[in-house]
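Written out below as C-alpha cells is the structure these notes cover.
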Amino acid sequence: MGDDEESRLDRELIELLNELRVTLPGVQVLFAFLLTVPFSQRFELVNDLQKYAYLVALVGTAAGSALLIAPTPYHRIRWRDRDKEQLLRTSNRLAIAGTVALALAMTSAVFLVADFLFHAPLPAVLAGLLAGLIAWLWYGLPLVRDLRDRG
C-alpha cells in the first residue's frame, strides 16, 4: 500500500471517529434518561402499549450505544494488523446500524411521551413524522446523492 493510500485511510478513520464523537453524547443522554424513567412516580400510570414503546426505546438506545461504540474497541484490538480498509468498512457498517437503532429508539421515546400526554392518533402521527424526517435526512439525502453521482 502506498503512502497516498495510507494517508487516505488514516484520514477516513479520523473522520469516522470524529463523527462517532458527535453522535455518542446524544445516545448516552437518551440512555441515561430512559434508565431513570421507570423510577419516577408517574411511571406506574403508563399502559401496556407505552411500556412496550419504552422497552423498544431502551433496547434501541442500548443497541445503538453498543454499535456506535464498537468501532473503538475494534480499532484498539486490530490496530497493528495493517488492515485499515477492512477496519473502516466494518466500522462504517457498525456506525450505520447504530444510527438505525438510535432512530428507532428516538421514535419510540417520542411515541411514549406523546402517548402518555395525548390520545391517539396524535402520538402515532408524531412518531411517524419523526421517523420519516430521520429516514430522509439521515439516509434518503445521502443515498439520493449517491445515486445521482453514480448515474
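The values are calculated or read from the model by the stated rules, or taken from the named source; none is laboratory data. This is a predicted model, so every value here is computed, not measured. Using ideal geometry, Cβ is built from the backbone for each residue, glycine included, and neighbour counts are taken over all protein chains shown. Ligands, DNA and RNA are excluded from the accessible area calculation, which covers all protein heavy atoms including side chains. Shrake-Rupley method; radii C 1.70, N 1.55, O 1.52, S 1.80 Å.
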Checklist entry - Filtering segment 29-67 down to residues that are β-branched (V, I, T), modelled with pLDDT under 95 and open to solvent by 60 Å² or more (accessible area, probe 1.4 Å), which residue is farthest from F118 (Cα to Cα)? => result V29
Item to check | Residue check, A70 open to solvent by less than 50 Å² (accessible area, probe 1.4 Å) and small (G, A, S) | outcome: yes
Checklist entry - From the list A105, A135, which residue is in contact with a Phe, Trp or Tyr (Cβ under 9 Å, 6 or more places away or on another chain) and either modelled with pLDDT of 95 or more or under 23 Å from P25 (Cβ atoms) (or both)? => result A105
Checklist entry - Would it be correct to say that L88 is open to solvent by 70 Å² or more (accessible area, probe 1.4 Å) and within 19 Å of the chain's Cα centre (by Cα)? => result no
Checklist outcome for this item: Over segment 1-14, the set of residues open to solvent by 90 Å² or more (accessible area, probe 1.4 Å) and either over 21 Å from I96 (Cα atoms) or not β-branched (V, I, T) (or both) is M1, D3, D4, R11
